[in-house]
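**Student:** First the structure, then my questions, so here it is.
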Amino acid sequence: IRRIEDAEVANRRVLVRVDFNVPMREGQVADDTRLKAALPTIAFLRSKGAKVILAAHFDRPKGKRVPEMSLRPVVAPLSELLSAEVGFAGDCVGETAERAAAALKTGEVLLLENTRFHAGEEENDPEFARQLAALADVYVNDAFSAAHRAHASTEGVARHLPAYAGKAMEREIDHLTAALENPNRPLLAIVGGAKVSTKIDLLKNLVSKVDRLFVGGAMANTFLAARGFDVGNSLHEADLLPTAREILDIAGQSRCEILLPVDAVVASEFKPHAGRRVAQVDDIGADEMILDCGPDTVDRLADAISAARTLVWNGPLGAFETPPFDTATVEAATYAAARVREHGLVAVAGGGDTVAALNHAGVAEDFTFVSTAGGAFLEWLEGKTLPGVAVLRESAA
Ligand code: 3PG
């Protein structure tokens, strides 16, 4: 993959694919993590005298111009973060975009309207990709979190321009490669969340790569049931018991040790501060539900974290949005963060709820790397080739 340091950008127009698919509330950016992630690349390009054109999608307008899904609300917070005025083009291709791109001066930044207002984006229509490419001389993809989509602005356009990885993209690839493809062992994975069904491929891939896999969250209930425990009224997927057994078998064959909860915090209803008790997993009542891992489980997980040199974490260990069922997630995350600080553990986390859970625990900053990606992080853990990354490799080769 070619890095932007190696690109000729002075006085040239550089089309940068960023991921500004940010949480919005009442038409305002509610979390600017992804805007901040794009700053190093934008600042670098400006410092080299490039004319920067930012392309991004927002939400899922399905090829139509949906006013509530405009990227315009990003302009003000981005200008503030850059300490420079960011221009806005009301369309990402065609005359409006071309005129705005042509008027750019060295060091200026232009944001294009939502690429998904055009059906050609998600269809990866070659003609639409060509129109995007016509705006610039160089293409940079800095949106790892959208790289699992083979869309015109993430894939097709890279076939028309010299293509480079931006700094955030490079960091994501470097950290995820170091954690999963080329790790210091023992390598421990912690996977939580509600459903096995959304993570079958991920679990199958991980058990073939990691030394130990801890399964938490409601998905652990399905594994406990597959091992013959009665999980009472707990959320679990009865139809996935054969799949869970298959994953346990693959783990056995590849010498991956699976760690499941040995005790749990159970309640008879799912409510904040509901009456609850700690139960061993072979002692769960028919009307009880598992809402968090128990203290013995957290101790064992801490031992596994201590023994690990690399940790990959995806998904919460309990119903962490509803205290006190956040206890196991917070304690394990806090423990992992301390191992990073004091013992050089390499800890990488990502995927949807994970970042929220680590932020809730107040330790996201302490992790070695927290991915800004949701779906793309999961597909990486599944061992899939991300089209937006693959095309950068092809282009470099
Ligand atoms: C994300 O938010 O994970 C990316 O921006 C991809 O969005 P999408 O799932 O709508 O393609």
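The values are calculated or read from the model by the stated rules, or taken from the named source; none is laboratory data. Computed from a prediction, not measured in an experiment: that's the story for all the values here. Because the Cβ atoms are built from the backbone with ideal geometry, glycine has one as well, and the counts that use them run over all protein chains shown.
**Student:** Name the residue, out of Leu35, Leu45, Leu39, that is modelled with pLDDT of 95 or more, closer than 20 Å to Leu132 by Cβ and either in a helix (DSSP H, G or I) or aromatic (Phe, Trp, Tyr) (or both).
**Tutor:** After ruling out the rest, the residue left standing is Leu45.
**Student:** A further question on this structure: Using beta carbons and a limit of 9 Å, which pairs, at least six apart or on different chains, have the first residue in the stretch 371-397 and over 24 Å from Leu358 (Cβ atoms) and in contact (Cβ under 8 Å) with a residue 24 or more places away in the chain and the second one within 16 Å of the ligand (Cβ to nearest atom) and among the hydroxyl-bearing types (Ser, Thr, Tyr)?
**Tutor:** Pro387/Thr154; Gly388/Thr154; Val391/Thr154
**Student:** Could you give me the residue pairs with C-beta distances under 9 Å whose first residue belongs to the stretch 252-278 and is closer than 28 Å to Ala189 by Cα, whose second residue is of a type in the set (Val, Ile, Thr) and modelled with pLDDT under 95 wherever it lies, and which are 6+ apart or on separate chains?
**Tutor:** Final answer for the pair search is Phe270/Thr322.
**Student:** Kindly indicate whether Asp137 is buried (at least 24 other Cβ atoms within 10 Å of the Cβ), in contact (Cβ under 8 Å) with a residue 60 or more places away in the chain and not assigned by TED's automatic domain parsing to the domain that holds Glu237.
**Tutor:** In short, no.
**Student:** Got at least one residue in the stretch 364-373 being assigned by TED's automatic domain parsing to the domain that holds Ala307, over 16 Å from the mean Cα position of the chain (by Cα) and either surrounded by fewer than 21 Cβ atoms within 10 Å (Cβ to Cβ) or part of a loop (DSSP other than H, G, I, E, B) (or both)?
**Tutor:** yes
Each row is one residue, and each column tells you yes or no for (1) farther than 16 Å from Leu291 by Cβ; (2) of a type in the set (Ser, Thr, Tyr); (3) assigned to a loop (DSSP other than H, G, I, E, B).
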site	(1), (2), (3)
Ile190	yes, no, no
Leu202	yes, no, no
Asn205	yes, no, no
Thr222	no, yes, no
Asn233	no, no, yes
Leu241	yes, no, no
Ala264	no, no, no
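**Student:** Same structure again: Could you identify the single residue in Val52, Val74 that is in a helix (DSSP H, G or I) and modelled with pLDDT of 95 or more?
**Tutor:** Every option except Val74 fails the conditions.
**Student:** If you don't mind, another one. Which members of the stretch 354-397 meet the condition of being among the aromatic types (Phe, Trp, Tyr) and more than 13 Å from the ligand (Cβ to nearest atom)?
**Tutor:** If the condition is that a residue be among the aromatic types (Phe, Trp, Tyr) and more than 13 Å from the ligand (Cβ to nearest atom), then Phe367, Phe369 are the ones that fit.
**Student:** Quick one: which residue in Ala319, Ala274, Ala333, Ala337 is more than 22 Å from the chain's Cα centre (by Cα), in the same structural domain as Val231 (by TED's automatic domain parsing) and among the small types (Gly, Ala, Ser)?
**Tutor:** Of the residues listed, the single one that is more than 22 Å from the chain's Cα centre (by Cα), in the same structural domain as Val231 (by TED's automatic domain parsing) and among the small types (Gly, Ala, Ser) is Ala274.
**Student:** Go through the stretch 109-151 residue by residue and tally those that are within 16 Å of the ligand (Cβ to nearest atom) and aliphatic (A, V, I, L, M).
**Tutor:** Total meeting the criteria: 7.
**Student:** Sticking with this structure for a sec: Between a first residue in the stretch 143-154 that is of a type in the set (Phe, Trp, Tyr) and a second residue that is within 7 Å of the ligand (Cβ to nearest atom), which pairs have beta carbons less than 8 Å apart while being 6 or more apart in sequence or on different chains?
**Tutor:** Phe144/Asp19; Phe144/Ala373; Phe144/Ala376
**Student:** Please work out if Phe270 is part of a loop (DSSP other than H, G, I, E, B) and modelled with pLDDT under 95.
**Tutor:** Against the criterion (part of a loop (DSSP other than H, G, I, E, B) and modelled with pLDDT under 95), Phe270 qualifies.
This table checks each residue for (1) within 14 Å of the ligand (Cβ to nearest atom); (2) among the small types (Gly, Ala, Ser).
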site: Glu8; (1), (2): no, no
site: Gly27; (1), (2): no, yes
site: Leu45; (1), (2): no, no
site: Ile53; (1), (2): no, no
site: Lys62; (1), (2): yes, no
site: Val66; (1), (2): yes, no
site: Val75; (1), (2): no, no
site: Gly107; (1), (2): no, yes
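**Student:** In this structure, is Ala307 outside the structural domain of Ala143 (by TED's automatic domain parsing), away from the ligand (no atom under 16 Å from the Cβ) and either buried (at least 21 other Cβ atoms within 10 Å of the Cβ) or on the phi > 0 side of the Ramachandran plot (or both)?
**Tutor:** Here the answer is no, as Ala307 does not meet what is asked.
**Student:** Can you confirm whether Val348 is crowded, with 20+ Cβ neighbours inside 10 Å and in a strand (DSSP E or B)?
**Tutor:** Considered against the rule, which asks whether it is crowded, with 20+ Cβ neighbours inside 10 Å and in a strand (DSSP E or B), Val348 comes out as yes.
**Student:** Based on what the data block shows, is Leu81 surrounded by fewer than 17 Cβ atoms within 10 Å (Cβ to Cβ), closer than 18 Å to Asp142 by Cβ, modelled with pLDDT of 95 or more and away from the ligand (no atom under 13 Å from the Cβ)?
**Tutor:** Criteria met by Leu81.
**Student:** Only one of (1) surrounded by 15 or more Cβ atoms within 10 Å (Cβ to Cβ); (2) farther than 24 Å from Ala136 by Cα is not met by Ala50, so which one is it?
**Tutor:** Result: Ala50 fails condition (2) only.
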